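Colleague: Here it is: the structure, laid out below.
The values are calculated or read from the model by the stated rules, or taken from the named source; none is laboratory data. Please read these numbers as outputs of a predicted model, since none were measured by experiment. Cβ placement follows ideal geometry from the backbone for every residue including glycine, while neighbour counts extend to all protein chains displayed. All accessible areas refer to the heavy atoms of the entire protein, side chains included, with ligands and DNA or RNA removed. Shrake-Rupley method; radii C 1.70, N 1.55, O 1.52, S 1.80 Å.
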Amino acid sequence: MPNANTVVVLDFETTGLSPGVGDRAIEIGAVKIEDGEVTDRFQELMNPGLYVSGYIESYTGITNAMLAQARPCGEVMRDFSEFITGYNLVAHNASFDKRFLDAELERISTDYSGQFSCSMLTARRICQQASDYKLGTLVDFMNIPIEGVFHRALYDSEMTAKLWLAMLDDVRERYVLSVIDFGLMQKLAKTPKHAVDSFWKATCHKGD
(Lines give C-alpha, C1' and ligand atoms only; values in the text may rest on other atoms or scores of the structure.)
Protein backbone atom coordinates (compact mmCIF):
# COMPACT_ATOMS: atom_id res chain seq x y z
CA MET A 1 0.00 0.00 0.00
CA PRO A 2 1.34 3.49 -0.81
CA ASN A 3 2.53 5.39 2.25
CA ALA A 4 1.07 8.86 2.82
CA ASN A 5 4.54 10.26 3.51
CA THR A 6 5.77 9.49 -0.02
CA VAL A 7 4.01 11.96 -2.33
CA VAL A 8 4.45 14.94 -4.62
CA VAL A 9 2.92 18.14 -3.23
CA LEU A 10 2.07 20.60 -5.98
CA ASP A 11 0.66 24.06 -6.54
CA PHE A 12 -0.33 26.02 -9.65
CA GLU A 13 -0.50 29.75 -10.23
CA THR A 14 -2.98 30.49 -12.99
CA THR A 15 -4.59 33.23 -15.08
CA GLY A 16 -7.94 32.62 -13.37
CA LEU A 17 -10.14 30.14 -11.58
CA SER A 18 -11.20 27.66 -14.22
CA PRO A 19 -9.62 26.01 -17.27
CA GLY A 20 -13.20 25.41 -18.43
CA VAL A 21 -13.48 29.08 -19.38
CA GLY A 22 -10.03 29.28 -20.92
CA ASP A 23 -7.83 30.00 -17.93
CA ARG A 24 -4.31 28.58 -18.08
CA ALA A 25 -1.48 27.68 -15.73
CA ILE A 26 1.38 30.20 -15.52
CA GLU A 27 3.58 28.54 -12.88
CA ILE A 28 4.00 25.09 -11.37
CA GLY A 29 5.79 24.38 -8.12
CA ALA A 30 6.16 20.98 -6.50
CA VAL A 31 7.98 19.21 -3.70
CA LYS A 32 8.77 15.50 -3.83
CA ILE A 33 8.63 13.76 -0.44
CA GLU A 34 9.94 10.24 0.11
CA ASP A 35 9.55 8.59 3.51
CA GLY A 36 8.83 11.98 5.03
CA GLU A 37 11.90 13.73 3.61
CA VAL A 38 12.05 16.26 0.77
CA THR A 39 14.14 14.71 -1.99
CA ASP A 40 13.46 16.94 -5.00
CA ARG A 41 11.74 20.13 -6.14
CA PHE A 42 10.24 21.39 -9.41
CA GLN A 43 9.50 25.02 -10.19
CA GLU A 44 9.02 26.83 -13.48
CA LEU A 45 7.06 29.66 -14.99
CA MET A 46 5.21 28.78 -18.18
CA ASN A 47 3.97 30.94 -21.03
CA PRO A 48 0.29 30.28 -21.85
CA GLY A 49 0.22 32.67 -24.78
CA LEU A 50 -2.35 34.77 -22.93
CA TYR A 51 -2.26 38.23 -21.40
CA VAL A 52 -2.26 38.09 -17.60
CA SER A 53 -4.52 40.61 -15.86
CA GLY A 54 -3.23 43.27 -13.52
CA TYR A 55 -5.03 41.52 -10.66
CA ILE A 56 -3.15 38.27 -11.25
CA GLU A 57 0.13 40.17 -11.61
CA SER A 58 -0.39 41.85 -8.23
CA TYR A 59 -1.71 38.69 -6.55
CA THR A 60 1.13 36.41 -7.67
CA GLY A 61 3.94 38.80 -8.53
CA ILE A 62 4.16 37.10 -11.93
CA THR A 63 4.22 39.68 -14.71
CA ASN A 64 3.59 39.45 -18.43
CA ALA A 65 7.24 40.38 -18.99
CA MET A 66 8.32 37.38 -16.88
CA LEU A 67 6.04 35.03 -18.79
CA ALA A 68 7.28 36.31 -22.14
CA GLN A 69 10.68 34.81 -21.25
CA ALA A 70 9.22 31.47 -20.06
CA ARG A 71 8.91 28.22 -21.97
CA PRO A 72 5.46 27.32 -23.37
CA CYS A 73 3.07 25.48 -21.05
CA GLY A 74 3.30 22.26 -23.05
CA GLU A 75 7.07 21.98 -22.72
CA VAL A 76 7.01 22.60 -18.98
CA MET A 77 4.12 20.23 -18.39
CA ARG A 78 5.81 17.46 -20.32
CA ASP A 79 8.75 17.71 -17.94
CA PHE A 80 6.43 17.92 -14.95
CA SER A 81 4.56 14.79 -16.00
CA GLU A 82 7.85 12.92 -15.73
CA PHE A 83 8.49 14.46 -12.30
CA ILE A 84 5.23 13.09 -10.88
CA THR A 85 5.36 9.66 -12.53
CA GLY A 86 4.75 6.95 -9.96
CA TYR A 87 3.74 9.28 -7.13
CA ASN A 88 0.45 10.13 -5.47
CA LEU A 89 -0.32 13.84 -5.29
CA VAL A 90 -1.28 16.34 -2.59
CA ALA A 91 -2.48 19.92 -3.00
CA HIS A 92 -4.24 22.52 -0.86
CA ASN A 93 -7.74 22.81 -2.33
CA ALA A 94 -6.81 19.90 -4.57
CA SER A 95 -9.88 20.13 -6.80
CA PHE A 96 -8.51 23.44 -8.17
CA ASP A 97 -5.02 22.13 -8.90
CA LYS A 98 -6.35 18.85 -10.29
CA ARG A 99 -8.50 20.71 -12.81
CA PHE A 100 -5.49 22.62 -14.12
CA LEU A 101 -3.21 19.59 -14.09
CA ASP A 102 -5.78 17.59 -16.03
CA ALA A 103 -6.41 20.39 -18.52
CA GLU A 104 -2.75 21.17 -19.19
CA LEU A 105 -1.78 17.50 -19.60
CA GLU A 106 -4.76 16.86 -21.85
CA ARG A 107 -3.46 19.57 -24.17
CA ILE A 108 -0.29 17.52 -24.71
CA SER A 109 -2.09 14.15 -24.73
CA THR A 110 -0.41 13.07 -21.49
CA ASP A 111 -1.88 11.51 -18.37
CA TYR A 112 -0.72 10.51 -14.88
CA SER A 113 -1.35 7.52 -12.64
CA GLY A 114 -1.20 9.06 -9.16
CA GLN A 115 -4.25 9.86 -7.07
CA PHE A 116 -4.98 13.15 -5.30
CA SER A 117 -5.51 13.96 -1.65
CA CYS A 118 -6.50 17.41 -0.42
CA SER A 119 -4.60 18.94 2.49
CA MET A 120 -7.39 21.47 3.07
CA LEU A 121 -10.08 18.81 3.48
CA THR A 122 -7.70 16.79 5.64
CA ALA A 123 -7.04 19.83 7.82
CA ARG A 124 -10.79 20.28 8.36
CA ARG A 125 -10.71 16.89 10.11
CA ILE A 126 -7.36 17.14 11.92
CA CYS A 127 -7.16 20.88 12.74
CA GLN A 128 -10.78 21.40 13.76
CA GLN A 129 -9.94 24.29 16.10
CA ALA A 130 -8.34 26.42 13.35
CA SER A 131 -10.15 29.69 12.63
CA ASP A 132 -10.25 28.90 8.92
CA TYR A 133 -8.56 26.52 6.50
CA LYS A 134 -6.49 28.86 4.36
CA LEU A 135 -2.94 27.62 3.95
CA GLY A 136 -1.41 30.54 5.86
CA THR A 137 -3.82 30.12 8.77
CA LEU A 138 -3.10 26.39 9.04
CA VAL A 139 0.66 26.87 8.83
CA ASP A 140 0.39 29.28 11.77
CA PHE A 141 -2.00 26.96 13.64
CA MET A 142 0.48 24.07 13.36
CA ASN A 143 3.39 26.33 14.43
CA ILE A 144 5.24 25.91 11.14
CA PRO A 145 7.81 28.70 10.55
CA ILE A 146 6.93 31.08 7.71
CA GLU A 147 9.98 32.12 5.72
CA GLY A 148 8.64 33.52 2.45
CA VAL A 149 5.65 34.95 0.60
CA PHE A 150 2.51 33.01 -0.25
CA HIS A 151 0.96 32.87 -3.74
CA ARG A 152 4.05 31.66 -5.55
CA ALA A 153 3.83 28.03 -6.58
CA LEU A 154 7.00 26.59 -5.08
CA TYR A 155 6.63 28.38 -1.75
CA ASP A 156 2.99 27.34 -1.42
CA SER A 157 3.87 23.73 -2.24
CA GLU A 158 6.72 23.86 0.33
CA MET A 159 4.32 25.10 3.01
CA THR A 160 1.67 22.57 2.02
CA ALA A 161 4.27 19.80 2.25
CA LYS A 162 5.22 20.91 5.78
CA LEU A 163 1.53 21.07 6.74
CA TRP A 164 0.89 17.61 5.30
CA LEU A 165 3.81 16.07 7.20
CA ALA A 166 2.77 17.87 10.40
CA MET A 167 -0.74 16.45 10.10
CA LEU A 168 0.65 12.95 9.53
CA ASP A 169 2.79 13.37 12.67
CA ASP A 170 -0.28 14.49 14.60
CA VAL A 171 -2.24 11.42 13.52
CA ARG A 172 0.65 9.07 14.29
CA GLU A 173 1.06 10.48 17.80
CA ARG A 174 -2.65 10.73 18.59
CA TYR A 175 -3.60 7.27 17.40
CA VAL A 176 -0.25 5.47 17.82
CA LEU A 177 0.15 4.51 14.17
CA SER A 178 3.51 3.66 12.65
CA VAL A 179 2.42 3.74 8.99
CA ILE A 180 -0.40 5.77 7.43
CA ASP A 181 -1.70 4.62 4.07
CA PHE A 182 -2.39 7.27 1.42
CA GLY A 183 -5.81 5.75 0.78
CA LEU A 184 -6.70 6.24 4.44
CA MET A 185 -5.94 9.95 4.15
CA GLN A 186 -8.24 10.13 1.15
CA LYS A 187 -10.99 8.43 3.18
CA LEU A 188 -10.36 10.74 6.12
CA ALA A 189 -10.97 13.77 3.90
CA LYS A 190 -14.50 12.46 3.28
CA THR A 191 -15.21 11.49 6.89
CA PRO A 192 -17.63 13.73 8.85
CA LYS A 193 -15.78 15.83 11.43
CA HIS A 194 -17.60 14.27 14.37
CA ALA A 195 -16.59 10.78 13.22
CA VAL A 196 -12.84 11.33 12.90
CA ASP A 197 -11.91 9.67 16.22
CA SER A 198 -14.09 6.67 15.41
CA PHE A 199 -12.53 6.45 11.95
CA TRP A 200 -8.99 6.24 13.33
CA LYS A 201 -9.90 3.94 16.20
CA ALA A 202 -11.50 1.56 13.73
CA THR A 203 -8.39 1.79 11.58
CA CYS A 204 -6.13 1.02 14.53
CA HIS A 205 -8.33 -1.93 15.52
CA LYS A 206 -8.02 -3.40 12.04
CA GLY A 207 -4.25 -3.29 12.39
CA ASP A 208 -4.28 -5.25 15.67
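Colleague: Please list 169-176, 79-86 highest first by mean number of surrounding beta-carbon atoms within 10 Å per residue. It would help to have the intermediate numbers written out before the result.
Modeller: Numbers: 169-176: 13.6, 79-86: 15.1.
So the order, starting with the most tightly packed, is 79-86, 169-176.
Colleague: Continuing with this model, one more query. Shape verdict for the stretch 41-98, please, from the Cα gyration tensor: rounded (a/c under 1.5), prolate (a/b greater than b/c) or oblate.
Modeller: Numbers: a/c = 2.60, a/b = 1.48, b/c = 1.76.
Oblate.
Colleague: Just want the answer: with Cβ charges of +1 for Lys and Arg and -1 for Asp and Glu, which residue in ALA70, VAL139, CYS204 is farthest toward the dipole's positive end in the chain?
Modeller: CYS204
Colleague: Would you list which lysines come within 28 Å of LYS162, measuring only between C-alpha atoms, while excluding same-chain residues fewer than 8 positions from it?
Modeller: In chain and number order, the partners are LYS32, LYS98, LYS134, LYS187, LYS190, LYS193, LYS201.
Colleague: Right, another one. Compute the helix-to-body angle for 196-206: its Cα long axis versus the longest principal axis of the chain, expressed 0 to 90° and rounded to tens.
Modeller: In the chain, helix 196-206 runs at an angle near 70 degrees to the longest axis.
Colleague: How far is helix 73-83 tilted, in degrees, relative to the longest principal axis of the Cα atoms in the chain, given as a value from 0 to 90 rounded to the nearest 10?
Modeller: Helix 73-83 sits at roughly 30 degrees to that axis.
Colleague: Then there's this: Carbon and sulfur together cover what percent of the accessible area of the chain at a 1.4 Å probe radius?
Modeller: 50 percent
Colleague: May I ask you to order 11-18, 24-31, 39-46 by the average number of other C-beta atoms within 10 Å around their residues, highest value first? Walk me through the numbers on the way to the answer.
Modeller: Values: 11-18: 19.6, 24-31: 24.2, 39-46: 16.6.
Answer by packing, highest mean first, reads 24-31, 11-18, 39-46.
Colleague: First check a/c for the stretch 1-68, with a ≥ b ≥ c the square roots of the eigenvalues of its C-alpha gyration tensor; if it is under 1.5, answer rounded, and if not, answer prolate when a/b is larger than b/c or oblate otherwise.
Modeller: Numbers: a/c = 3.21, a/b = 2.22, b/c = 1.45.
Prolate is the answer for the stretch 1-68, as a/c is 1.5 or above and a/b outweighs b/c.
Colleague: Ok, one more. If you fit an axis through the alpha-carbon atoms of helix 94-107 and take the longest principal axis of the Cα set of the chain, what angle between them do you get, 0 to 90°, nearest 10?
Modeller: Compared with the principal axis, the helix lies near 40 degrees.
Colleague: When ligands, DNA and RNA are left out and all protein chains stay put, how many square angstrom of accessible area per residue does the chain have with a 1.4 Å probe?
Modeller: 49 Å²
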